[in-house]
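The values are calculated or read from the model by the stated rules, or taken from the named source; none is laboratory data. Keep in mind that this is a model prediction, so the values were computed, not measured. No Cβ is skipped: glycine too gets one built from the backbone with ideal geometry, and neighbour counts run over all protein chains shown. Please note that ligands, DNA and RNA were not included when accessible areas were found on the heavy atoms of the full protein model with its side chains. Shrake-Rupley method; radii C 1.70, N 1.55, O 1.52, S 1.80 Å.
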Amino acid sequence: MTQGQRVTVVTGGSRGIGAAVALRLAREGHHVAIGYERSHDAAEQVAREVRAEGVRALPVQLDTSVEADVDRLFDTVGDRLGAVTGLVNNAGVTGPLGRFTETPTDVMRRVLDVNVLGALLCSRRALLAMSREYGGEGGCVVNVSSAAATLGAPDEYVHYAASKAAVDAMTVGLAKEFGPWGVRVNSVQPGAVLTEMHATMGDPERPWKKATAIPVRRPGEPEEIAAAVAWLMSGEASFTNGAVLRVAGGA
Ligand code: NAP
(Lines give C-alpha, C1' and ligand atoms only; values in the text may rest on other atoms or scores of the structure.)
Protein backbone atom coordinates (compact mmCIF):
# COMPACT_ATOMS: atom_id res chain seq x y z
CA MET A 1 0.00 0.00 0.00
CA THR A 2 1.08 3.53 -0.70
CA GLN A 3 3.05 5.24 2.06
CA GLY A 4 2.92 8.97 2.69
CA GLN A 5 0.12 11.29 1.67
CA ARG A 6 -2.95 9.92 -0.03
CA VAL A 7 -4.55 11.90 -2.83
CA THR A 8 -7.82 10.45 -4.03
CA VAL A 9 -10.03 11.50 -6.93
CA VAL A 10 -13.74 10.93 -6.32
CA THR A 11 -15.85 11.45 -9.43
CA GLY A 12 -19.43 12.49 -8.80
CA GLY A 13 -18.35 13.78 -5.41
CA SER A 14 -20.84 16.65 -5.26
CA ARG A 15 -23.87 14.66 -4.17
CA GLY A 16 -25.17 11.32 -2.91
CA ILE A 17 -22.79 8.40 -2.58
CA GLY A 18 -19.79 10.32 -3.95
CA ALA A 19 -20.19 13.12 -1.41
CA ALA A 20 -20.36 10.55 1.41
CA VAL A 21 -17.25 8.85 0.04
CA ALA A 22 -15.35 12.15 -0.18
CA LEU A 23 -16.16 12.98 3.43
CA ARG A 24 -15.41 9.49 4.72
CA LEU A 25 -12.02 9.41 2.94
CA ALA A 26 -11.23 12.88 4.31
CA ARG A 27 -11.85 11.57 7.83
CA GLU A 28 -9.31 8.85 7.09
CA GLY A 29 -6.72 11.40 6.02
CA HIS A 30 -7.06 11.47 2.23
CA HIS A 31 -6.75 14.74 0.35
CA VAL A 32 -9.73 14.63 -1.97
CA ALA A 33 -10.47 15.89 -5.47
CA ILE A 34 -14.22 16.24 -5.93
CA GLY A 35 -15.33 15.79 -9.52
CA TYR A 36 -18.74 17.11 -10.51
CA GLU A 37 -20.60 17.95 -13.70
CA ARG A 38 -23.11 20.72 -12.86
CA SER A 39 -23.58 21.07 -9.09
CA HIS A 40 -20.97 23.74 -8.42
CA ASP A 41 -22.42 24.91 -5.11
CA ALA A 42 -22.89 21.38 -3.80
CA ALA A 43 -19.29 20.50 -4.76
CA GLU A 44 -18.01 23.62 -2.96
CA GLN A 45 -20.01 22.63 0.13
CA VAL A 46 -18.52 19.10 0.10
CA ALA A 47 -15.09 20.69 -0.30
CA ARG A 48 -15.69 22.84 2.80
CA GLU A 49 -16.73 19.75 4.77
CA VAL A 50 -13.65 17.86 3.56
CA ARG A 51 -11.36 20.74 4.57
CA ALA A 52 -13.01 20.81 8.00
CA GLU A 53 -11.50 17.35 8.50
CA GLY A 54 -8.03 18.87 8.19
CA VAL A 55 -7.17 17.71 4.66
CA ARG A 56 -7.10 19.47 1.31
CA ALA A 57 -10.05 19.51 -1.10
CA LEU A 58 -10.21 20.41 -4.76
CA PRO A 59 -13.55 20.63 -6.56
CA VAL A 60 -13.13 20.13 -10.33
CA GLN A 61 -15.91 20.50 -12.89
CA LEU A 62 -15.80 17.95 -15.70
CA ASP A 63 -17.75 15.56 -17.84
CA THR A 64 -16.07 12.22 -17.17
CA SER A 65 -16.97 10.98 -20.66
CA VAL A 66 -14.85 13.69 -22.31
CA GLU A 67 -11.17 12.78 -22.58
CA ALA A 68 -9.91 16.38 -22.48
CA ASP A 69 -11.91 16.99 -19.29
CA VAL A 70 -10.46 13.89 -17.66
CA ASP A 71 -6.95 14.97 -18.66
CA ARG A 72 -7.58 18.42 -17.16
CA LEU A 73 -8.90 16.81 -13.95
CA PHE A 74 -5.84 14.64 -13.43
CA ASP A 75 -3.40 17.38 -14.50
CA THR A 76 -5.01 19.82 -12.05
CA VAL A 77 -5.04 17.32 -9.21
CA GLY A 78 -1.38 16.45 -9.83
CA ASP A 79 -0.43 20.15 -9.78
CA ARG A 80 -2.58 21.21 -6.82
CA LEU A 81 -2.81 18.19 -4.51
CA GLY A 82 0.16 16.03 -5.53
CA ALA A 83 0.60 12.58 -7.02
CA VAL A 84 -2.67 10.68 -7.28
CA THR A 85 -2.82 7.55 -5.10
CA GLY A 86 -6.49 6.65 -5.45
CA LEU A 87 -9.54 6.88 -7.68
CA VAL A 88 -13.20 6.25 -6.89
CA ASN A 89 -15.10 5.93 -10.17
CA ASN A 90 -18.48 6.97 -8.82
CA ALA A 91 -20.01 9.38 -11.37
CA GLY A 92 -22.96 7.65 -12.99
CA VAL A 93 -26.31 8.20 -14.67
CA THR A 94 -29.31 5.98 -15.42
CA GLY A 95 -31.53 7.96 -17.77
CA PRO A 96 -35.30 7.84 -17.16
CA LEU A 97 -37.00 4.67 -15.89
CA GLY A 98 -38.79 2.78 -18.65
CA ARG A 99 -39.23 -0.28 -20.85
CA PHE A 100 -36.20 -1.31 -22.86
CA THR A 101 -38.04 -1.06 -26.17
CA GLU A 102 -38.98 2.53 -25.41
CA THR A 103 -35.49 3.65 -24.42
CA PRO A 104 -34.11 6.17 -26.94
CA THR A 105 -30.68 5.58 -28.43
CA ASP A 106 -29.33 8.87 -27.10
CA VAL A 107 -30.24 7.81 -23.54
CA MET A 108 -28.46 4.46 -23.99
CA ARG A 109 -25.44 6.20 -25.48
CA ARG A 110 -25.20 8.73 -22.66
CA VAL A 111 -25.42 6.05 -19.97
CA LEU A 112 -22.70 3.99 -21.66
CA ASP A 113 -20.56 7.09 -22.25
CA VAL A 114 -20.66 8.24 -18.62
CA ASN A 115 -20.75 4.92 -16.79
CA VAL A 116 -18.36 2.91 -18.97
CA LEU A 117 -16.21 5.26 -21.08
CA GLY A 118 -15.96 7.77 -18.22
CA ALA A 119 -14.75 5.11 -15.80
CA LEU A 120 -12.31 3.75 -18.40
CA LEU A 121 -10.84 7.20 -19.14
CA CYS A 122 -10.47 8.07 -15.45
CA SER A 123 -8.94 4.67 -14.71
CA ARG A 124 -6.42 5.05 -17.52
CA ARG A 125 -5.17 8.37 -16.20
CA ALA A 126 -5.13 7.13 -12.61
CA LEU A 127 -3.22 3.97 -13.54
CA LEU A 128 -0.66 5.94 -15.52
CA ALA A 129 -0.06 7.96 -12.34
CA MET A 130 -0.15 5.09 -9.83
CA SER A 131 1.27 1.98 -11.53
CA ARG A 132 4.84 1.14 -10.58
CA GLU A 133 5.31 0.18 -14.23
CA TYR A 134 5.28 3.91 -14.99
CA GLY A 135 7.19 5.12 -11.97
CA GLY A 136 4.22 5.54 -9.61
CA GLU A 137 4.02 4.27 -6.07
CA GLY A 138 0.96 2.05 -6.37
CA GLY A 139 -2.56 2.81 -5.23
CA CYS A 140 -6.21 1.81 -5.34
CA VAL A 141 -9.19 2.11 -7.63
CA VAL A 142 -12.74 1.47 -6.46
CA ASN A 143 -15.46 1.34 -9.07
CA VAL A 144 -19.00 2.08 -7.95
CA SER A 145 -21.02 -0.44 -9.90
CA SER A 146 -24.57 -1.53 -9.00
CA ALA A 147 -26.53 -4.58 -7.91
CA ALA A 148 -28.27 -4.01 -11.26
CA ALA A 149 -25.18 -5.55 -12.88
CA THR A 150 -26.44 -8.98 -11.82
CA LEU A 151 -30.18 -8.28 -11.36
CA GLY A 152 -30.52 -6.88 -14.89
CA ALA A 153 -33.00 -4.10 -13.95
CA PRO A 154 -35.91 -5.38 -16.10
CA ASP A 155 -38.64 -2.80 -16.86
CA GLU A 156 -36.43 -0.06 -15.43
CA TYR A 157 -33.12 0.38 -17.26
CA VAL A 158 -31.49 -2.70 -18.75
CA HIS A 159 -28.97 -0.47 -20.56
CA TYR A 160 -27.80 0.84 -17.15
CA ALA A 161 -27.47 -2.71 -15.79
CA ALA A 162 -25.38 -3.59 -18.84
CA SER A 163 -23.15 -0.58 -18.23
CA LYS A 164 -22.52 -1.63 -14.64
CA ALA A 165 -21.72 -5.22 -15.66
CA ALA A 166 -19.11 -3.67 -17.95
CA VAL A 167 -17.71 -1.75 -14.97
CA ASP A 168 -17.33 -5.01 -13.03
CA ALA A 169 -15.56 -6.65 -15.98
CA MET A 170 -13.22 -3.66 -16.01
CA THR A 171 -12.54 -4.23 -12.32
CA VAL A 172 -11.54 -7.85 -12.86
CA GLY A 173 -9.34 -7.10 -15.84
CA LEU A 174 -7.57 -4.08 -14.37
CA ALA A 175 -7.03 -5.89 -11.06
CA LYS A 176 -5.17 -8.63 -12.92
CA GLU A 177 -3.28 -6.28 -15.24
CA PHE A 178 -2.15 -3.84 -12.54
CA GLY A 179 -2.01 -5.99 -9.41
CA PRO A 180 1.60 -6.86 -10.25
CA TRP A 181 2.33 -3.12 -10.40
CA GLY A 182 1.03 -2.22 -6.97
CA VAL A 183 -2.50 -1.12 -7.81
CA ARG A 184 -5.57 -2.87 -6.39
CA VAL A 185 -8.87 -2.50 -8.27
CA ASN A 186 -12.20 -3.45 -6.74
CA SER A 187 -15.92 -2.80 -7.22
CA VAL A 188 -18.74 -1.99 -4.85
CA GLN A 189 -22.24 -2.92 -6.00
CA PRO A 190 -24.75 -0.78 -4.09
CA GLY A 191 -28.40 -1.74 -3.96
CA ALA A 192 -31.10 0.94 -3.61
CA VAL A 193 -29.55 3.90 -1.79
CA LEU A 194 -31.26 7.12 -0.66
CA THR A 195 -29.90 9.71 -3.08
CA GLU A 196 -31.34 12.15 -5.61
CA MET A 197 -30.65 9.67 -8.40
CA HIS A 198 -34.14 8.17 -8.04
CA ALA A 199 -35.89 11.54 -8.44
CA THR A 200 -33.68 12.19 -11.46
CA MET A 201 -34.77 8.90 -13.05
CA GLY A 202 -38.41 9.79 -12.39
CA ASP A 203 -39.46 8.21 -9.06
CA PRO A 204 -38.23 9.77 -5.80
CA GLU A 205 -40.00 7.04 -3.78
CA ARG A 206 -38.31 4.21 -5.67
CA PRO A 207 -35.89 3.12 -2.90
CA TRP A 208 -38.79 2.73 -0.44
CA LYS A 209 -40.91 0.89 -3.03
CA LYS A 210 -37.99 -1.56 -3.38
CA ALA A 211 -37.74 -2.10 0.37
CA THR A 212 -39.99 -5.18 0.55
CA ALA A 213 -37.65 -6.95 -1.89
CA ILE A 214 -34.58 -6.07 0.20
CA PRO A 215 -33.90 -8.64 2.94
CA VAL A 216 -33.07 -5.93 5.52
CA ARG A 217 -36.35 -4.23 4.49
CA ARG A 218 -34.95 -0.76 3.89
CA PRO A 219 -32.87 1.14 1.37
CA GLY A 220 -29.27 2.01 2.18
CA GLU A 221 -27.75 5.30 3.24
CA PRO A 222 -24.88 6.80 1.20
CA GLU A 223 -22.61 6.47 4.26
CA GLU A 224 -23.14 2.68 4.23
CA ILE A 225 -21.70 2.54 0.72
CA ALA A 226 -18.92 4.96 1.64
CA ALA A 227 -17.85 2.65 4.47
CA ALA A 228 -17.33 -0.21 2.02
CA VAL A 229 -15.45 2.03 -0.42
CA ALA A 230 -13.22 3.34 2.37
CA TRP A 231 -12.39 -0.18 3.51
CA LEU A 232 -11.43 -1.23 -0.02
CA MET A 233 -9.25 1.91 -0.30
CA SER A 234 -7.53 1.17 3.00
CA GLY A 235 -4.54 -0.94 3.97
CA GLU A 236 -6.99 -3.25 5.75
CA ALA A 237 -7.96 -4.50 2.29
CA SER A 238 -4.35 -5.04 1.19
CA PHE A 239 -5.02 -8.57 -0.13
CA THR A 240 -8.39 -7.68 -1.71
CA ASN A 241 -8.03 -7.22 -5.44
CA GLY A 242 -10.53 -7.84 -8.24
CA ALA A 243 -13.36 -8.22 -5.71
CA VAL A 244 -16.94 -7.22 -6.45
CA LEU A 245 -18.45 -6.38 -3.09
CA ARG A 246 -22.25 -6.37 -2.88
CA VAL A 247 -23.58 -3.74 -0.46
CA ALA A 248 -27.29 -4.11 -1.03
CA GLY A 249 -28.93 -5.27 2.19
CA GLY A 250 -29.01 -8.81 0.85
CA ALA A 251 -30.67 -8.00 -2.48
P1 NAP B 1 -26.52 11.08 -7.79
O2 NAP B 1 -27.01 11.45 -6.44
O3 NAP B 1 -27.42 11.23 -8.97
O4 NAP B 1 -25.12 11.83 -8.06
C5 NAP B 1 -24.46 11.59 -9.27
C6 NAP B 1 -23.11 12.25 -9.21
O7 NAP B 1 -22.41 11.95 -10.44
C8 NAP B 1 -23.19 13.75 -9.09
O9 NAP B 1 -22.09 14.19 -8.32
C10 NAP B 1 -23.05 14.21 -10.54
O11 NAP B 1 -22.54 15.52 -10.66
C12 NAP B 1 -22.05 13.20 -11.05
N13 NAP B 1 -22.05 13.03 -12.49
C14 NAP B 1 -23.03 12.53 -13.27
N15 NAP B 1 -22.66 12.52 -14.55
C16 NAP B 1 -21.42 13.03 -14.61
C17 NAP B 1 -20.50 13.29 -15.65
N18 NAP B 1 -20.79 13.00 -16.93
N19 NAP B 1 -19.30 13.83 -15.33
C20 NAP B 1 -19.00 14.12 -14.06
N21 NAP B 1 -19.81 13.91 -13.02
C22 NAP B 1 -21.02 13.36 -13.29
O23 NAP B 1 -26.07 9.53 -7.81
P24 NAP B 1 -25.78 8.49 -6.63
O25 NAP B 1 -27.05 7.81 -6.31
O26 NAP B 1 -24.97 9.10 -5.58
O27 NAP B 1 -24.91 7.41 -7.46
C28 NAP B 1 -23.51 7.39 -7.43
C29 NAP B 1 -23.06 6.10 -8.10
O30 NAP B 1 -23.65 4.99 -7.44
C31 NAP B 1 -23.47 6.00 -9.56
O32 NAP B 1 -22.45 5.40 -10.31
C33 NAP B 1 -24.68 5.09 -9.50
O34 NAP B 1 -24.88 4.41 -10.72
C35 NAP B 1 -24.31 4.17 -8.37
N36 NAP B 1 -25.43 3.52 -7.73
C37 NAP B 1 -26.41 4.25 -7.10
C38 NAP B 1 -27.47 3.58 -6.51
C39 NAP B 1 -28.56 4.31 -5.79
O40 NAP B 1 -29.58 3.68 -5.43
N41 NAP B 1 -28.45 5.60 -5.53
C42 NAP B 1 -27.55 2.19 -6.57
C43 NAP B 1 -26.55 1.49 -7.22
C44 NAP B 1 -25.50 2.16 -7.79
P45 NAP B 1 -23.53 16.81 -10.52
O46 NAP B 1 -23.91 16.87 -9.05
O47 NAP B 1 -22.71 17.94 -10.94
O48 NAP B 1 -24.72 16.52 -11.38
query: Accessible area, 1.4 Å probe, largest first: how do L151, L73 sort?
result: L151, L73
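Pop the C-beta distance of W181 and Q5 into the FRET formula with R0 = 25 Å and round what comes out to the nearest 0.05. Write down the numbers at each step before the final one.
Details: r = 20 Å, r/R0 = 0.80.
After rounding to 0.05, the efficiency reads 0.80.
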query: Top mean-square fluctuation among A47, A213, A192, Gaussian network model of the chain, C-alpha springs under 10 Å?
result: A213
message: If you filter the range 196-251 for trypsin sites (Lys or Arg not before Pro), then keep DSSP loop positions with at most 15 other Cβ within 10 Å, what is left?
response: R217
task: Could you work out how far the C-alpha centroid of the range 86-159 sits from that of the range 203-251, in angstrom?
output: 17 Å
field: Extension gain from E67 to E49, taking 0.36 nm per residue of separation minus the Cα-Cα distance
entry: 3.6 nm
message: For a quick check of understanding: with a 1.4 angstrom probe and all protein chains in place, what accessible area in square angstrom does S238 have, to the nearest ten?
response: 80 Å²
- request: Please work out how much accessible surface C122 shows to a 1.4 Å probe, ignoring ligands, DNA and RNA, in Å² rounded to 10.
  value: 0 Å²
- prompt: Under 17 Å from the 7 Å Cα→Cβ point of R132, by amide nitrogen: which residues of the range 1-41?
  reply: 1-4
- request: Give me the number: length gained by fully extending D155 to R110, i.e. 0.36 nm times residue separation minus the C-alpha to C-alpha distance, one decimal in nm.
  value: 14.3 nm
statement: Ranked by GNM mean-square fluctuation in the chain (Cα springs under 10 Å), the top entry among A166, A52, A22 is A52
query: To the nearest 10 square angstrom, how much accessible area does L120 have with a 1.4 angstrom probe?
result: 80 Å²
task: Name the most mobile residue of T101, T76, T200, meaning the one with the largest mean-square fluctuation, in a Gaussian network model of the chain with Cα contacts below 10 Å.
output: T101
statement: For the range 128-141, Karplus-derived ³J(HN,Hα) couplings (6.51, -1.76, 1.60; θ = phi - 60°; whole Hz; x for glycine and proline) come out as 4, 7, 9, 5, 5, 4, 10, x, x, 10, x, x, 9, 10
task: Measure nothing fancy, just the Cα-based angle from helix 16-27's long axis to the longest principal axis of the chain, in degrees from 0 to 90, nearest 10.
output: 30 degrees
query: Relative contact order for the chain: what is it in percent, counting Cα pairs under 8 Å that are at least 6 residues apart?
result: 19 percent
message: At 222 nm, what value in deg cm²/dmol follows for the chain if DSSP H runs of at least 4 each add -39500 (n - 2.57) and the sum is divided by all its residues, to the nearest 500?
response: -12500 deg cm²/dmol
query: Given the Cα-Cα distance of S234 and W208 and 0.36 nm per residue of separation, how much length would full extension add, in nm?
result: 6.2 nm
